[in-house]
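The next block holds one structure in the form of structure tokens; read it before the comments.
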């Protein structure tokens, strides 16, 4: 497997575009298109929030019922959530317009939205945007970047990646993009993430790979503990790599899953590190847990702790808060048996063991905690299972961004 | 029932003190004593965190095994959590010293600590503090206030209350104090809370009343979602009111529970409203829920949402975040059937119904959200059950306080 330049246009036969449609923002790209020159199998995972945005309800039906998918239309600015029948009518209008403009069936079109909850999307603007997208679409890396920028809300950078790997001697490409960066506590999926690949794979195996993957990638990140109404992760596979179709488990499926994990972990980490107001990526790795589920629960409890996140922002080695967060996670353990370390590119220090603080240097701890990626390593000494979760620090800017997000 | 001046010294036979012991803080009171002139029955509820501070482990045993309790020694500054055997030895030294100084058995003494996790308490200072407390103790309201001030950490005001009510024609008094104000997400109990009463009641009925009460009082508040290692709520009842002993359910028990609920709700609200960095008390009342447990879960999910808390800080009527938080609470419901209102002393507005935003005035919403106590009223239209939860807004100061709490 090899990382290459580009994102969602890297795989054969995929085009993209990003344009200004003034849905809510002014003077920036706010609509994106992903288009495949040939029909794709598609898979998706969606928010588990009871309150599901209209595009989530729409896409769940398309992914389940449509014979194939060929395009995705995305807008930022307005989430089309809590918008009742008018919101679903907007999805229908988008599909109809995109079908006409792209010359493909409207049942082959997925839609996604992100932004403010409760506002209605101006349908005339979104259909005008779709016309622009259809005209602008291209298979260049720049077109992929335009799309990655257009889906941003409070993100500070676009997030995209592409890799190639081999199946049956054929080069397969997988690319993706996603956006954060608040209301991030994915459950079954992330905010908005889009993956494109030219692998040939059955829809059933594609969904299986995606559903298995998110458990340890996007579901292991949190910015603020709020599970969005719009969480959507979609993958389109158009088969143009020419490999023998993957229809069951085996080494080809494994190779695809490995590439998928690499791409989703990269995007998930980027999303966590670019969380609203974040100054650092905060990673917690739990090893020696009794079960995989315990490891995930413990790791996620630490990266979700507001107090720990504030301490990371302050470069303060307040490890008691980490032990506290492990303690209220719901996983039973003996505090005396746990070991804690802080680590970063600057080094690694043992901070807690045998039930008490280790004799570490506060100066060294502060140095480690001042890096842009900080890891807490936790050894539970209860078994062989491990998991990693990613979050960010809690800063003044998180409050600033969210105290008046709508204006 | 009547609210009166005072706190933990209001009930007959109770004395208190607050002194400077320089446990960690300088130039402020940091140790408190509660003392009853006669033996008391005691009940307690404690943190469910797997990581329990030494005083929690100590008190759980005393409450369960000791025939009676007569004093409580509390310090702020250091939590005596994650302190291993040395931490438990400190509890033993405190009990021994307090027993000698007060002339009561060391098994009749409870201890509690709050502050930084992981540091050891200097035993010489805490025993010196106990000597000062024993000399200073008094039954005046001022002594109660001294104690309430001494247990504060990041609290901005002391929190105390007292009420009187009648049982068998006898006047019974119940007083209490508590402290917050970070790492507040009590589970089975709050941070530190102390109640004193002269009611005559069996230990079994006292524990029953306390355990039933916290479910809808202290367990319904949250400042930051972090369940502390030190959560402790203790109640001492010395029987000096002279009522016939309450040994079973009935109207006398109900009268006591009603007073208890009044006092604990008052203290819980105070704690939420004085959460770290808070500028407003944020209350969520859920009505029309299918079950009591659903109502509690829904209400708590809203007051715990970082995004909603930040919006309250910004006086921004971002009701979508409230619906989102209800949606990920785990309780199933149809979003179209929910009604939401904002209310405060300034008025009440309907903001969401029939699946979409109501036609409300943003100006009026901002006015309501600018008050120091803001309520979200949620009608689920699914049944008759209701619950209320209390939190606070998320401000810059929460981050400031917690980015470098230890220094």
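The values are calculated or read from the model by the stated rules, or taken from the named source; none is laboratory data. Note that the structure is predicted; figures quoted are calculated from it, not measured. Cβ sites come from the backbone with ideal geometry, for glycine too, and all protein chains shown count toward neighbours.
Structure values in brief
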{"read-out": "Among the candidates A:149, A:52, A:132, residue that is assigned to a loop (DSSP other than H, G, I, E, B) and in contact (Cβ under 8 Å) with a residue 40 or more places away in the chain", "value": "A:52"}
{"read-out": "Of all residues making up the range B:264-279, the number that are crowded, with 23+ Cβ neighbours inside 10 Å and touching a helix residue (DSSP H, G or I) at 6+ places or on another chain (Cβ under 9 Å)", "value": "9"}
{"read-out": "Residue check for residue A:72: in contact (Cβ under 8 Å) with a residue 40 or more places away in the chain, within 27 Å of residue A:261 (Cβ to Cβ), crowded, with 22+ Cβ neighbours inside 10 Å and within 18 Å of the chain's Cα centre (by Cα)", "value": "yes"}
{"read-out": "Index of the failed condition, residue A:13 passing every other in (1) closer than 27 Å to residue A:208 by Cβ; (2) in contact with a helix residue (DSSP H, G or I) (Cβ under 7 Å, 6 or more places away or on another chain)", "value": "(2)"}
{"read-out": "Any hit, the range A:25-36, residues being closer than 21 Å to residue A:205 by Cα, more than 14 Å from every other protein chain (Cβ to nearest Cβ) and in a strand (DSSP E or B)", "value": "yes"}
{"read-out": "Residue among B:356, B:374 that is more than 7 Å from chain A (Cβ to nearest Cβ) and touching a helix residue (DSSP H, G or I) at 6+ places or on another chain (Cβ under 8 Å)", "value": "B:374"}
{"read-out": "The range A:25-40, residues that are touching a helix residue (DSSP H, G or I) at 6+ places or on another chain (Cβ under 9 Å) and either within 19 Å of residue A:155 (Cα to Cα) or surrounded by fewer than 24 Cβ atoms within 10 Å (Cβ to Cβ) (or both)", "value": "A:28, A:29, A:30, A:31, A:32, A:33, A:39"}
{"read-out": "Matching option when the condition is buried (at least 24 other Cβ atoms within 10 Å of the Cβ), more than 17 Å from residue A:158 (Cβ to Cβ) and more than 12 Å from chain B (Cβ to nearest Cβ), among A:260, A:298", "value": "A:260"}
{"read-out": "Residues of the range A:93-109 classified as over 14 Å from residue A:66 (Cβ atoms) and either crowded, with 24+ Cβ neighbours inside 10 Å or out of contact with any strand residue (DSSP E or B) (no Cβ under 8 Å at 6 or more places or on another chain) (or both), total", "value": "7"}
{"read-out": "Residue ID - surrounded by the most Cβ atoms within 10 Å (Cβ to Cβ), chosen from residues in the range B:316-335 that are more than 7 Å from chain A (Cβ to nearest Cβ) and over 19 Å from residue A:115 (Cα atoms)", "value": "B:329"}
{"read-out": "In the range B:384-404, residue modelled with the lowest pLDDT [restricted to those that are within 13 Å of another protein chain (Cβ to nearest Cβ) and crowded, with 23+ Cβ neighbours inside 10 Å]", "value": "B:402"}
{"read-out": "Exclusive hit being closer than 21 Å to residue B:59 by Cα and more than 24 Å from the chain's Cα centre (by Cα), set B:123, B:116", "value": "B:123"}
{"read-out": "Selection from the range B:9-20 of residues that are surrounded by 24 or more Cβ atoms within 10 Å (Cβ to Cβ) and assigned to a loop (DSSP other than H, G, I, E, B)", "value": "B:9, B:10, B:11"}
{"read-out": "Some residue of the range B:110-119 being more than 23 Å from residue A:359 (Cβ to Cβ), surrounded by fewer than 24 Cβ atoms within 10 Å (Cβ to Cβ) and in contact (Cβ under 8 Å) with a residue 24 or more places away in the chain", "value": "no"}
{"read-out": "Count - residues of the range B:37-56 that are in contact with a strand residue (DSSP E or B) (Cβ under 9 Å, 6 or more places away or on another chain) and within 14 Å of chain A (Cβ to nearest Cβ)", "value": "6"}
{"read-out": "Boolean, residue A:67 is modelled with pLDDT under 95 and either more than 14 Å from every other protein chain (Cβ to nearest Cβ) or within 17 Å of residue A:147 (Cα to Cα) (or both)", "value": "yes"}
{"read-out": "Members of the range A:361-371 that are buried (at least 17 other Cβ atoms within 10 Å of the Cβ) and within 14 Å of chain B (Cβ to nearest Cβ)", "value": "A:365, A:369"}
{"read-out": "In the range A:343-375, the residues that are part of a loop (DSSP other than H, G, I, E, B) and out of contact with any strand residue (DSSP E or B) (no Cβ under 6 Å at 6 or more places or on another chain)", "value": "A:345, A:346, A:354, A:355, A:359, A:361, A:370, A:372"}
{"read-out": "Where residue B:381 falls short, out of the listed (1) in contact with a helix residue (DSSP H, G or I) (Cβ under 6 Å, 6 or more places away or on another chain); (2) assigned to a strand (DSSP E or B); (3) away from chain A (no Cβ under 14 Å)", "value": "(2)"}
{"read-out": "Tally, over the range B:83-92, of residues that are in contact with a strand residue (DSSP E or B) (Cβ under 7 Å, 6 or more places away or on another chain) and either in contact (Cβ under 8 Å) with a residue 40 or more places away in the chain or within 8 Å of another protein chain (Cβ to nearest Cβ) (or both)", "value": "2"}
{"read-out": "Matching residues in the range B:94-113 - criterion: being over 26 Å from the mean Cα position of the chain (by Cα) and under 24 Å from residue B:149 (Cα atoms)", "value": "B:97, B:99, B:101, B:102"}
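One line per residue, one yes/no per condition, for (1) within 14 Å of chain B (Cβ to nearest Cβ); (2) out of contact with any strand residue (DSSP E or B) (no Cβ under 6 Å at 6 or more places or on another chain); (3) at pLDDT 95 or above; (4) closer than 17 Å to residue A:39 by Cβ:
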{"position": "A:185", "(1), (2), (3), (4)": "yes, yes, no, no"}
{"position": "A:189", "(1), (2), (3), (4)": "yes, no, no, no"}
{"position": "A:193", "(1), (2), (3), (4)": "no, no, no, no"}
{"position": "A:213", "(1), (2), (3), (4)": "no, yes, no, no"}
{"position": "A:220", "(1), (2), (3), (4)": "no, no, no, no"}
{"position": "A:224", "(1), (2), (3), (4)": "yes, yes, no, no"}
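Every residue, every condition in (1) closer than 15 Å to residue B:183 by Cβ; (2) assigned by TED's automatic domain parsing to the domain that holds residue A:222; (3) assigned to a helix (DSSP H, G or I), yes or no:
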site: A:288; (1), (2), (3): no, no, no
site: A:295; (1), (2), (3): no, no, yes
site: A:299; (1), (2), (3): no, no, yes
site: A:302; (1), (2), (3): yes, no, yes
site: A:312; (1), (2), (3): no, no, yes
site: A:316; (1), (2), (3): yes, no, no
site: A:322; (1), (2), (3): yes, no, yes
site: A:325; (1), (2), (3): yes, no, yes
site: A:331; (1), (2), (3): no, no, no
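For every residue, the table says whether it meets (1) part of a helix (DSSP H, G or I); (2) out of contact with any helix residue (DSSP H, G or I) (no Cβ under 9 Å at 6 or more places or on another chain).
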| residue | (1), (2) |
| --- | --- |
| B:93 | yes, no |
| B:97 | yes, no |
| B:104 | no, no |
| B:110 | no, no |
| B:121 | no, no |
| B:144 | yes, yes |
